[in-house]
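Asks: Quick one: this structure, given as structure tokens, is what I'll be asking you about.
The values are calculated or read from the model by the stated rules, or taken from the named source; none is laboratory data. Not measured: the values here are computed from a predicted model. Cβ coordinates were reconstructed from backbone atoms using ideal geometry, including for glycine residues, and neighbour counts include every protein chain displayed.
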Amino acid sequence: MIRTITYRSAMHFKALFFSAWLALLMPASSASDTGGLIVLQTDFGLKDQAVAAMRGVIRGVDRHIVIDDLTHEISAYNVWEAAYRLNAVIDYWPNDTVFVSVVDPGVGTERKSVVARLKTGHTIVTPDNGTLTLVADRVGLQAVRQIDEQAERLPGSQDSFTFFGRDVYAYVGAQIASDRLKFDAVGPALPDIVRLPYEKARQESDRLIGGIPVLDPQYGNLWTNIPAAALGSLGLKPGDRATLRISEEDKQRVSLELAYVRTFGDVAIGQPLLYVNSVGTLAVALNQGNFSTAYRVTSGPTWRVEITRVRAE
Amino acid sequence: MIRTITYRSAMHFKALFFSAWLALLMPASSASDTGGLIVLQTDFGLKDQAVAAMRGVIRGVDRHIVIDDLTHEISAYNVWEAAYRLNAVIDYWPNDTVFVSVVDPGVGTERKSVVARLKTGHTIVTPDNGTLTLVADRVGLQAVRQIDEQAERLPGSQDSFTFFGRDVYAYVGAQIASDRLKFDAVGPALPDIVRLPYEKARQESDRLIGGIPVLDPQYGNLWTNIPAAALGSLGLKPGDRATLRISEEDKQRVSLELAYVRTFGDVAIGQPLLYVNSVGTLAVALNQGNFSTAYRVTSGPTWRVEITRVRAE
Amino acid sequence: MIRTITYRSAMHFKALFFSAWLALLMPASSASDTGGLIVLQTDFGLKDQAVAAMRGVIRGVDRHIVIDDLTHEISAYNVWEAAYRLNAVIDYWPNDTVFVSVVDPGVGTERKSVVARLKTGHTIVTPDNGTLTLVADRVGLQAVRQIDEQAERLPGSQDSFTFFGRDVYAYVGAQIASDRLKFDAVGPALPDIVRLPYEKARQESDRLIGGIPVLDPQYGNLWTNIPAAALGSLGLKPGDRATLRISEEDKQRVSLELAYVRTFGDVAIGQPLLYVNSVGTLAVALNQGNFSTAYRVTSGPTWRVEITRVRAE
């Protein structure tokens with residue numbers, strides 16, 4: 001015979017009881033005054049109940065936490081993309097924001113679960129699988145602490161092994177955002193994090209060289225990792241023309257001339273352009289078109305771009 | 001002649017007046033008590049960090065603003081669709097809601113950035129590129145002010161030229177929603193807005209003629225711009241049959257007979273029906289099917305529908 | 001001539017007036033203190049304004065209600081999937097959460113609109129079309145009341161027949177979540193609900209038999225309805241091997257051996273595994289792959305799985 005699954009254990013009941021008792025002791029100022037902010041990022045998509053389960057766990061800790069989404073459409077298992085998106089958006093959020101980022105191909109293996117505090121004060125709750133690579137390099141880590149996955153988890157979830165996003169990360173994020181758990185009390189400090197290898201942007205004589213870490217997927221624009229400031233050393237000013245070469249694993253795929261402009265409207269519809277994107281790096285687009293589709297270029301570690309200035313005769 | 005549909009009656013205006021008077025009686029309250037409400041609409045999609053950056057900017061101004069989404073799946077660069085969605089939903093939101101709508105193919109060109117206040121009190125922050133066309137025609141503009149894009153923007157964003165959604169529109173929307181910036185202080189008043197041309201619905205003898213401004217994309221239903229009230233002058237009552245002709249650029253694509261019914265369940269599964277949709281205009285569907293796919297009809301300015309009553313012999 | 005559609009009637013004015021009067025009588029505790037929580041589920045998708053209209057109606061009742069989404073990507077008209085998602089997530093939400101679930105193929109027919117209270121205290125506002133089947137079976141109903149669709153609806157919406165999600169369910173959900181409408185005041189109690197037939201999981205001698213009610217769509221994993229506890233009676237422990245047979249309408253489609261493991265990382269990349277999913281039932285996956293695509297297996301009432309233990313020689 002097959003028994004009913006009981007989601008609510010005795011332990012969970014105790015936790016509920018404890019919460020109620022705690023509420024009686026709390027002063028009049030409500031949790032909503034703490035202004036806890038959580039931003040969620042996953043590769044779960046929005047078609048099933050996974051993200052809603054995470055939100056429910058957070059509301060169970062403190063229903064007044066402000067919960068926003070970074071994205072839930074990270075390509076499945078793509079830790080690099082999670083690292084990229086986090087790095088691209090974090091500066092726009094208040095310093096006490098707690099990011100919960102769950103792209104976790106190694107769920108249940110020996111990979112650690114951590115809480116990182118950046119030098120800016122931002123907090124990130126995540127598996128330690130490379131997700132922190134880019135923010136650690138650019139912003140800098142203040143400290144990283146390992147979560148004890150058996151102690152710091154949703155009460156009653158000890159028998160679940162595959163949904164750490166809900167049982168551990170959302171729960172710990174809510175505890176921290178609502179100030180029920182202090183960062184220093186999370187668990188042992190770690191000396192370092194797991195970092196993904198990636199090619200740095202660089203200049204070689206009169207060429208800027210870099211990668212295409214990501215596309216702007218809605219429009220098919222290519223976002224390189226070459227910072228806008230590099231244009232100065234090349235002497236390239238708005239209105240100037242440049243040569244763009246794109247290769248994949250050393251095989252040339254694109255070679256064309258295009259204008260470096262401030263905004264899309266500075267070139268005709270359908271024309272290519274080089275511009276500074278919204279995260280401050282060089283990007284390539286077709287005005288009101290899709291460069292990625294038109295030239296069959298995508299993003300990732302195998303792609304390389306090379307930019308040189310076209311000098312007036 | 002076909003008159004404009006007026007959703008808001010004089011009686012509604014009185015209700016607004018009463019609410020305003022009530023507000024004066026209320027004690028002084030903090031920003032979080034003001035209940036600032038922002039609704040976001042873009043063509044950015046939810047796959048990258050663009051919408052999250054906008055939300056972060058808003059939280060940076062005032063984390064207690066309530067932020068909701070209209071949609072972020074407007075077809076890329078489709079200003080008409082943005083205008084349509086805004087017009088279809090605005091009546092269902094409190095009058096002090098601030099809509100931030102960013103479908104901005106001309107980003108960085110001479111197109112103006114504006115804040116519009118409607119006669120209902122609703123506020124819309126948007127590029128002035130036609131997005132306001134339908135609400136201006138139906139609800140009416142109280143005033144429009146131009147944003148000084150250099151002065152009214154996220155501090156520190158002066159070197160960014162391509163992401164006005166984050167740097168200007170989200171920021172200005174948050175300033176207004178949280179009452180840090182008064183509408184009258186936004187910038188110079190403008191005499192008029194940019195309007196998109198569009199075909200008005202009309203009656204010619206015993207035929208109702210109109211366009212298909214939009215599909216109900218989840219189900220493939222066609223939404224015309226012919227108001228339900230027009231059926232009265234045709235003498236068409238629930239249960240009657242009608243002839244539907246659909247043409248694209250003067251080429252007939254569909255001609256069929258169908259029932260005018262109150263609800264989908266009034267016809268058999270798989271049968272076509274004519275009904276009044278949730279925004280009060282005539283619509284065409286297949287019960288539990290997809291009319292758009294089955295008959296290869298989409299929406300836009302090139303499509304035309306014609307409806308006549310089938311008289312009993 | 002085509003007359004104006006007036007959504008806002010005199011009745012609406014009276015409603016506003018009454019609300020204002022009521023506000024003056026209310027004690028200092030604001031609506032935001034009540035902590036009303038609403039979770040929305042629909043098959044509307046997020047491409048148009050339908051969900052935003054529902055949110056606007058809720059904000060119009062009480063802007064401080066916390067609104068979260070379960071999913072809006074239920075397959076069109078798929079009541080079974082709505083029932084499944086609701087059942088899978090409800091335990092993770094506080095007991096006073098109000099779920100508004102609108103997958104409503106019979107909109108406008110004789111199907112009833114109901115408010116259900118579960119034995120846990122959770123509230124669900126939904127068409128009575130089978131959506132409640134699984135929570136009723138697993139959690140249990142405390143009471144169900146029928147909504148009077150003419151009386152309990154958005155003031156001014158009496159002429160709309162196709163968007164009950166906005167006009168009735170969102171509105172009633174907001175009334176209940178904000179404590180303006182008591183459950184007992186909703187309408188007449190009903191003796192029972194509409195239930196969907198479904199095959200129960202069972203054990204026959206040394207075989208576990210069950211269905212595949214749903215996929216984990218982001219990863220292509222199969223989620224059976226066989227509870228994890230059933231493994232005990234089969235003597236299957238982590239690390240043991242099992243035989244999996246999958247058939248569709250009595251035609252065998254898959255027969256393979258796989259390991260029963262605790263986590264994905266316990267098998268090599270690309271290998272199949274049997275595991276306990278995040279809702280406590282047996283599931284089948286390919287580690288970092290897509291089982292559903294690879295083996296052409298989907299979910300629904302026609303699919304059947306059979307699991308036996310492989311005994312060591």
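Asks: Could you please find all residues in segment A:70-96 being buried (at least 23 other Cβ atoms within 10 Å of the Cβ), assigned to a loop (DSSP other than H, G, I, E, B) and within 7 Å of another protein chain (Cβ to nearest Cβ)?
Replies: A:W93
Asks: For segment A:23-35, check the following and say yes or no: at least one residue is modelled with pLDDT of 95 or more and part of a helix (DSSP H, G or I).
Replies: No, segment A:23-35 contains no residue that is modelled with pLDDT of 95 or more and part of a helix (DSSP H, G or I).
Asks: Considering only strands (runs of 3 or more DSSP E) fully contained in segment A:156-220, which possess at least 1 residues that are more than 30 Å from A:V284 (Cα to Cα)?
Replies: On the way: elements: A:202-204, A:207-212, A:214-216.
Output list is empty.
Asks: Can you report the number of residues in segment C:92-115 which are touching a residue at least 24 places away in the same chain (Cβ under 8 Å) and under 13 Å from the mean Cα position of the chain (by Cα)?
Replies: If we filter segment C:92-115 for residues that are touching a residue at least 24 places away in the same chain (Cβ under 8 Å), which is where we start, we get C:93-105, C:107-108, C:111-115.
Imposing the further condition that a residue be under 13 Å from the mean Cα position of the chain (by Cα) reduces the set to C:93, C:98-104.
So the count comes out to 8.
Asks: Just to be sure before I move on: is C:K14 surrounded by fewer than 21 Cβ atoms within 10 Å (Cβ to Cβ), farther than 30 Å from A:V61 by Cβ and modelled with pLDDT of 95 or more in the structure I sent?
Replies: no
Asks: What are the pairs, 6+ residues apart or on separate chains, where a residue within segment C:145-164 that is more than 16 Å from C:G187 (Cα to Cα) has its Cβ under 9 Å from a residue that is surrounded by fewer than 18 Cβ atoms within 10 Å (Cβ to Cβ) and of a type in the set (A, V, I, L, M, F, W, C)?
Replies: These pairs meet every condition: C:P155/C:M11; C:P155/C:A15; C:G156/C:M11; C:G156/C:A15; C:Q158/C:M11; C:D159/C:I5.
Asks: Please find, among A:G121, A:G130, A:G140, the residue that is surrounded by fewer than 24 Cβ atoms within 10 Å (Cβ to Cβ) and in contact with a strand residue (DSSP E or B) (Cβ under 7 Å, 6 or more places away or on another chain). Working first, answer last.
Replies: Working: A:G121 fails: in contact with a strand residue (DSSP E or B) (Cβ under 7 Å, 6 or more places away or on another chain); A:G130 fails: in contact with a strand residue (DSSP E or B) (Cβ under 7 Å, 6 or more places away or on another chain).
Unique residue meeting the criteria: A:G140.
Asks: Let me ask something else. Could you tell me whether segment B:230-251 includes any residue that is within 14 Å of chain C (Cβ to nearest Cβ) and within 21 Å of C:Y77 (Cα to Cα)?
Replies: No - not one qualifying residue is present in segment B:230-251.
Asks: Let me ask another. Kindly indicate whether any position in segment B:121-129 is away from chain A (no Cβ under 14 Å), of a type in the set (G, A, S) and over 14 Å from the mean Cα position of the chain (by Cα).
Replies: Within segment B:121-129 (the criterion being away from chain A (no Cβ under 14 Å), of a type in the set (G, A, S) and over 14 Å from the mean Cα position of the chain (by Cα)), the answer is yes, since at least one residue qualifies.
Asks: Specify which of the listed residues (C:V89, C:V61, C:V79) is in contact with a Phe, Trp or Tyr (Cβ under 8 Å, 6 or more places away or on another chain) and among the β-branched types (V, I, T).
Replies: C:V61
Asks: Out of B:I38, B:I67, report the one residue that is hydrophobic (A, V, I, L, M, F, W, C), under 20 Å from the mean Cα position of the chain (by Cα), within 10 Å of chain A (Cβ to nearest Cβ) and not in a helix (DSSP H, G or I).
Replies: B:I67
Asks: Quick check on my filter: what residues within segment A:258-282 are closer than 17 Å to A:P213 by Cβ and in contact (Cβ under 8 Å) with a residue 12 or more places away in the chain?
Replies: Result: A:L274, A:Y275, A:V276, A:N277, A:V279, A:G280, A:T281, A:L282.
Asks: A further question follows. Among the residues of segment C:76-91, which ones are of a type in the set (G, A, S), under 12 Å from the mean Cα position of the chain (by Cα) and within 19 Å of C:F44 (Cβ to Cβ)?
Replies: Within segment C:76-91, the subset of a type in the set (G, A, S) is C:76, C:82-83, C:88.
Cutting the leftovers down to under 12 Å from the mean Cα position of the chain (by Cα) gives us C:82-83, C:88.
C:A82, C:A83 - these are the residues of segment C:76-91 that are of a type in the set (G, A, S), under 12 Å from the mean Cα position of the chain (by Cα) and within 19 Å of C:F44 (Cβ to Cβ).
Asks: In segment C:44-55, how many residues are touching a residue at least 60 places away in the same chain (Cβ under 8 Å) and touching a strand residue (DSSP E or B) at 6+ places or on another chain (Cβ under 8 Å)?
Replies: 4
Asks: Just a yes or no: is a residue in segment B:197-220 among the acidic types (D, E), surrounded by fewer than 18 Cβ atoms within 10 Å (Cβ to Cβ) and at pLDDT below 90?
Replies: yes
Asks: Look at segment B:125-162 and say how many of its residues are under 30 Å from A:L273 (Cα atoms) and of a type outside the set (V, I, T).
Replies: Of the residues in that region, 20 qualify.
Asks: Of everything in segment C:170-229 that's of a type in the set (V, I, T) and more than 9 Å from chain A (Cβ to nearest Cβ), which residue is nearest to C:T42 (Cα to Cα)?
Replies: C:V172
Asks: Tell me, please, whether a residue that is without any contact (Cβ under 8 Å) to a residue 24 or more places away in the chain, touching an Asp or Glu at 6+ places or on another chain (Cβ under 7 Å) and surrounded by fewer than 21 Cβ atoms within 10 Å (Cβ to Cβ) can be found in segment B:177-188.
Replies: No; the residues of segment B:177-188 include none that is without any contact (Cβ under 8 Å) to a residue 24 or more places away in the chain, touching an Asp or Glu at 6+ places or on another chain (Cβ under 7 Å) and surrounded by fewer than 21 Cβ atoms within 10 Å (Cβ to Cβ).
Asks: What do you reckon, is C:L46 among the aliphatic types (A, V, I, L, M), under 18 Å from B:E73 (Cα atoms) and at the interface with another protein chain (Cβ under 7 Å from one of its Cβ atoms)?
Replies: When the stated conditions are applied, C:L46 passes them.
Asks: Being hydrophobic (A, V, I, L, M, F, W, C) and within 24 Å of the chain's Cα centre (by Cα) is the filter; apply it to segment C:262-290 and report the residue that is nearest to C:Q218 (Cα to Cα).
Replies: My answer is C:A285.
Asks: Conditions first: (1) within 11 Å of chain A (Cβ to nearest Cβ); (2) among the β-branched types (V, I, T); (3) closer than 16 Å to C:T224 by Cα. C:T263 passes all but one, so which condition is the exception?
Replies: (3)
Asks: Next up: Return the total of residues in segment C:45-63 being surrounded by fewer than 24 Cβ atoms within 10 Å (Cβ to Cβ) and part of a loop (DSSP other than H, G, I, E, B).
Replies: 5
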